[in-house]
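Notes to accompany the following structure.
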Amino acid sequence: MHAWEAIQKTLDFIETNISEEIDIKQLAKESALSLFYYQRLFSRLVKKPVREYIKLRRLACACKSLADKQHRILDIALDCGFGSHETFTRAFKEAYKMTPEEYREQPVMLNQFDKPDLLLNYTMIDEGVPLISDGLVLEFNRKTIQQPILFMGVTGIIPIVGQMPLGEATGVDMPGEVWGKFHQEKQLIPRIKGGRELGVAYLGNAPEGYFTYFAGTEVAQETEDTRFVKWELPAREYIVCGFEAENFEQLVTVAINKAVKYSGLWLEKHGLTMDVYSPEMYYDSSSEGSYMELWMPASEKC
């Protein structure tokens, strides 16, 4: 068994037993590693100490239940492995800068620390070869567009802290709030038939420590509407990472984070570097699943 497989085994164990008391000595035993080496290796591969990781995954568990007001917050805390209401509230406020009661009264999208899929760090695929890992299917291909593609939508200025890196930061999902604003207004935008939706982070006019996030839909090149912002996907060659999930929620909460991380690794291993923007391209969901793509303007490393 590879070292990463030993850690992955305990990540699976934690997820299955998230509501129970979890002893680090038991995790080390599950991994067949010494307690000292297990904790050291876990922190290196997961980028969090074991106890901190368990707490963050318990918070992710709790957030799913808080929307249902039929469940008492104390019961949710206990069901997700917290010893008391006070312990849960303290951890929640530290991670999200609000109490569980405040979140329940005014729910917003939150960033969570994902369960890592360590296999992706040690598997490399060729272009056009699908990779199936933990319910996620990814495939890389090159696409060239001869004409720019125009999108129209809304933007927000987003602080980097609390948003990056994806799947490892906790806080309010502020790009998600931009999407929320877009979905409220998109019926006013003259979207082309079968047009895609796009989200992209870029610097724009954002001050230091912030970035601009755009969410929009595909429109004809001649479209003008001063109520909305335009963003153009330049004509050029792209490395496109396509991936799908069973449903849209899984696509935008887990799959995209894994795809972004793996795409960075994939480009590096293939001697490529990416420009400062990497749009997320969303396609209409179907009963068979949800699909999207990352369009990466990559070039050979100097």
How far is it, in nm, from the label point at LEU74 to the one at ILE132 when both lie 7 Å from their Cα along the line to the Cβ?
-> 4.7 nm
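On average, how much area does the Cα convex hull of segment 1-99 cover when viewed from any direction, in nm²?
Values: hull surface 25.3 nm².
The directionally averaged projection comes out at 6.3 nm².
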If you take the Cα Rg of segment 89-157 and divide it by 2.2 N^0.38 Å, with N the number of residues, what do you get?
-> 1.81
Just from the alpha-carbon atoms, what are the Rg and Dmax of the chain in angstroms?
-> 20.8, 65
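Tell me, what % of the accessible area of segment 88-160 is carbon and sulfur with a 1.4 angstrom probe?
53 percent
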Given backbone amide H placed at 1.01 Å from N, residues whose amide H is under 5 Å from that of VAL219, ignoring those fewer than 5 places away on the same chain, are LEU150, PHE151, MET152, ILE192
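Quick one: compute the contact order of the chain, relative version, from alpha carbon pairs under 8 angstrom and 6+ residues apart, as a percent. Don't jump to the answer; show the numbers that get you there.
Working: 491 pairs, mean separation 46.8, N = 302.
About 16 percent, as a whole number.
How high is the relative contact order of segment 124-214? Use alpha-carbon pairs under 8 Å, at least six apart in sequence, and give a whole percent. Mind showing how you got there, number by number?
Values: 88 pairs, mean separation 25.9, N = 91.
Relative contact order for segment 124-214 comes out at 28 percent.
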Quick one: if you take sqrt(5λ) for each eigenvalue of the C-alpha gyration tensor of segment 62-212, what semi-axes come out, biggest first, whole angstrom?
-> 34, 23, 16
Can you work out the FRET efficiency for the pair ASP225 and GLN184, with r the C-beta to C-beta distance and R0 = 22 Å, to the nearest 0.05?
-> 0.90
What value, in deg cm²/dmol to 500, does the helix sum -39500 (n - 2.57) over DSSP H runs of n ≥ 4 give at 222 nm once divided by the residues of the chain?
-> -10500 deg cm²/dmol
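Place the peptides 247-259, 202-214 in order of packing, highest mean first, counting for every residue the other Cβ atoms within 10 Å and averaging per peptide. Spell out each step's value before the answer.
Numbers: 247-259: 18.9, 202-214: 15.0.
The packing order, highest mean first, is 247-259, 202-214.
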Report, to the nearest 10°, how far helix 256-269 tilts away from the longest principal axis of the Cα atoms in the chain, using its own Cα long axis and a range of 0 to 90°.
-> 80 degrees
Among PHE248, MET281, GLY264, whose Cα sits farthest toward the positive end of the charge dipole of segment 234-302 (+1 at Cβ of Lys/Arg, -1 at Cβ of Asp/Glu, about the Cα centre)?
-> GLY264
For the chain, what is the accessible area per residue in Å², given a 1.4 Å probe and the full set of protein chains?
-> 53 Å²
Mind giving me the nanometre distance, one decimal, between the label points for GLU86 and GLU102, set 7 Å out from Cα along Cα→Cβ?
-> 2.0 nm
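Whenever you get a sec, compute what percent of the accessible area on segment 37-82 sits on carbon and sulfur atoms (1.4 Å probe).
Details: 1150 of 2430 Å².
Reported share for carbon and sulfur atoms: 47 percent.
How many percent of all Cα-Cα pairs in segment 207-272 sit more than 18 Å apart? It would help to have the intermediate numbers written out before the result.
On the way: 1368 of 2145 pairs.
Tail of P(r) above 18 Å: 64 percent of Cα pairs.
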The chain: antiparallel DSSP beta bridges as a percent of all, rounded to 5 | 100 percent
Do me a favour and compute the ellipsoid semi-axes for segment 152-302 from its Cα gyration tensor, root of five times each eigenvalue, largest one first, whole Å.
-> 23, 19, 18
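With Kirkwood's inverse mean 1/r over C-alpha pairs for Rh, give me the Rg to Rh ratio of segment 54-98, two decimals please.
Using Cα coordinates only, the ratio equals 0.91.
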Subtracting the Cα-Cα distance from 0.36 nm times the residue separation, let me have the gained length for ASN141 to SER65 in nm, one decimal.
-> 23.5 nm
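The values are calculated or read from the model by the stated rules, or taken from the named source; none is laboratory data. Quick caveat, the model's predicted, so the values are computed rather than measured. Note that we place each Cβ from the backbone using ideal geometry, even for glycine, and neighbour counts take in every protein chain shown. Please note that ligands, DNA and RNA were not included when accessible areas were found on the heavy atoms of the full protein model with its side chains. Shrake-Rupley method; radii C 1.70, N 1.55, O 1.52, S 1.80 Å.
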